[in-house]
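Worksheet: the structure to be examined is printed underneath.
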């Protein structure tokens, strides 16, 4: 009986934490990190002022948790969309398409990540690079390296090339109109990238 109650409590806490993160994404995207208000986040999520401090010790901790959760979702979304493709060129194409799709589906969260990358906070940028490292590794190890081995792509260093391609991806996917739609067509971006990589 105690285990069932504890499991229910953990589920409620997890749902509350998720709602707070979603409200934080909206507030950080709208007001920016300096202008974001903790009480607004709590009440927007449907909770009393100060509830957020039961889950996150500070606004900065909340921002880091949001970035971590977004990176985790981003990676899982890409893996689900890209791994079923056996062909490296098609995998790369699907990576960009799925990446642009992720931006559309998680626009507030992605805006927070992009805004944080453009901030002057060096430690925050380093944290983002660290939590996004698995996506870099996926690009290098599961897209570029097999493509090079199979002769689909030119002989390039997978690590630095993955860094370059991620810079292109993040740079092009972050260019949004006022409604949050990408300004660039992912198909055109992929065509340009593949043109540079193909043997």
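The values are calculated or read from the model by the stated rules, or taken from the named source; none is laboratory data. The model shown is predicted, which means the values in this text are computed figures rather than measured ones. Every residue, glycine as well, gets a Cβ built from its backbone with ideal geometry; the counts of neighbours run over all protein chains shown.
So the values come out like this:
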item	result
Residues within the stretch 150-174 that are under 30 Å from residue 30 (Cβ atoms) and either at pLDDT 90 or above or surrounded by 12 or more Cβ atoms within 10 Å (Cβ to Cβ) (or both), tallied	8
Neighbours by Cβ (under 6 Å, 6+ apart or cross-chain): first from the stretch 24-45, closer than 17 Å to residue 124 by Cα; second surrounded by fewer than 20 Cβ atoms within 10 Å (Cβ to Cβ)	25/108; 28/36; 29/108
Filter pass, residue 189 being in contact with a helix residue (DSSP H, G or I) (Cβ under 9 Å, 6 or more places away or on another chain) and modelled with pLDDT of 95 or more	no
Count of the stretch 150-189 residues which are on the phi < 0 side of the Ramachandran plot, touching a residue at least 12 places away in the same chain (Cβ under 8 Å) and within 19 Å of the chain's Cα centre (by Cα)	16
The stretch 145-165, residues that are farther than 14 Å from residue 198 by Cβ and not in a loop (DSSP other than H, G, I, E, B)	145, 146, 149, 158, 159, 160, 162, 163, 164
Given (1) part of a helix (DSSP H, G or I); (2) touching a helix residue (DSSP H, G or I) at 6+ places or on another chain (Cβ under 8 Å), index of the condition residue 104 fails	(2)
Some residue of the stretch 15-25 being modelled with pLDDT of 90 or more, in contact with a helix residue (DSSP H, G or I) (Cβ under 9 Å, 6 or more places away or on another chain), surrounded by 14 or more Cβ atoms within 10 Å (Cβ to Cβ) and assigned to a loop (DSSP other than H, G, I, E, B)	no
Test for residue 119: is it under 19 Å from residue 195 (Cα atoms) and outside any helix (DSSP H, G or I)	no
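Matching residues to (1) at pLDDT 95 or above; (2) farther than 30 Å from residue 148 by Cα:
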| site | (1), (2) |
| --- | --- |
| 64 | yes, yes |
| 68 | yes, yes |
| 71 | yes, no |
| 105 | no, yes |
| 118 | no, yes |
